[in-house]
Amino acid sequence: MIDQQGSLDQLPNEIKSAFQELNVLKHLRDAGFKKKFGFTCAYLFRLVFLLLFHQKNWFRLLESKKAEAGPANDAVYRFLNHSSYAWRRFLLSLSGETIARMEALTSVTRETAFIFDDSMFERNRSKAVEMLARFKDHATGAFYKGFRMLTMGWSDGHSFVPVDFALLSSSKSAINGMADGIDKRSHGYKRRQEAL
């Protein structure tokens, strides 16, 4: 678990230097990630990010002894699902800085390109997921429940940096609709409209 008091001292050295070099927490603040009380957005982001390197999911971390010092379940889920946080702006800003630093390290003659990938995101066992829809996998001809995931990334032939993404649903083959009570001015509502 990360100590709330130390800003980056709990991160492994390799990740700490990358966080500082790419100004990850600055991009998080610039994208409008702010809280009035409780654990900071920077702390919650680092905590969720580090779960990948500990090879644990949030449920397993809550069962461990380290869970006593950390945030409650609700704090993390509210952070991840908050409809006014601009995740897309954060990813675009961070990707832009990453690409700028990578381009300085490569030859000017190297070809670069934007790559668009349309993949299936299966949720076959789900029943109550918001905006769940039925799609046809054109490679196998089988139908599945889930979403289409459209990803845009930058590549120089050796590296791939994701720049933007969208989970796409369908209004014609929808299983579940959009949740009620979402503020129509929020980023979350705009992303839901875009998905349809």
message = Run the helix sum for the chain: -39,500 (n - 2.57) per DSSP H stretch of 4+ residues, divided by residue count, reported at 222 nm to the nearest 500 deg cm²/dmol.
response = -10500 deg cm²/dmol
inquiry  = So if each residue of separation counts as 0.36 nm, and I subtract the Cα-Cα distance between Val129 and Phe160, what length gain in nm does that give?
reply    = 8.2 nm
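Can you tell me the dipole magnitude for the chain around its Cα centre, using point charges on the Cβ only (Lys, Arg +1; Asp, Glu -1), in Debye to the nearest 20? Please report the intermediate quantities before stating the final value.
Details: 29 positive and 21 negative charges, 163 e Å.
Using only the charged Cβ atoms, the result is roughly 780 debye.
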inquiry  = Per 0.36 nm of contour for each residue apart, how much would the distance between Arg110 and Asn176 grow if the chain were fully extended, relative to their Cα-Cα spacing?
reply    = 19.2 nm
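Suppose all protein chains stay in the model; what accessible area per residue would a 1.4 Å probe give for the chain, in Å²?
I get 65 Å² per residue for this part.
Between Glu122 and Ala72, what is the FRET efficiency for a Förster distance of 25 Å, r being their Cβ-Cβ separation, to the nearest 0.05? Mind dumping the intermediate values first?
Working: r = 30 Å, r/R0 = 1.22.
Calculated value: 0.25.
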key: Local net charge near Arg185, Cβ-Cβ under 14 Å (Lys/Arg +1, Asp/Glu -1)   = +3
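By the scheme Lys and Arg +1, Asp and Glu -1, what is the net charge of all other residues having a beta-carbon under 11 Å from that of Leu150?
Working: positive: Arg148; negative: Asp117, Asp118, Asp164, Glu194.
Residues near Leu150 contribute -3 overall.
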remark   = Length gained if Phe37 through Lys184 is fully extended, taking 0.36 nm per residue and subtracting the Cα-Cα distance, is 50.5 nm
remark   = With a 1.4 angstrom probe the carbon and sulfur portion of accessible area for the stretch 151-196, in percent, totals 52 percent
task = Using label points projected 7 Å from each Cα along Cα→Cβ, tell me how many nm separate Thr151 and Lys26, to one decimal.
result = 2.7 nm
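The values are calculated or read from the model by the stated rules, or taken from the named source; none is laboratory data. Predicted model only: the values in this text are computed from it and were never measured. FYI the Cβ positions are ideal-geometry reconstructions off the backbone, even for glycines, and counts take in every protein chain you see. Areas reflect the complete protein model, heavy atoms only, side chains present, ligands, DNA and RNA absent. Shrake-Rupley method; radii C 1.70, N 1.55, O 1.52, S 1.80 Å.
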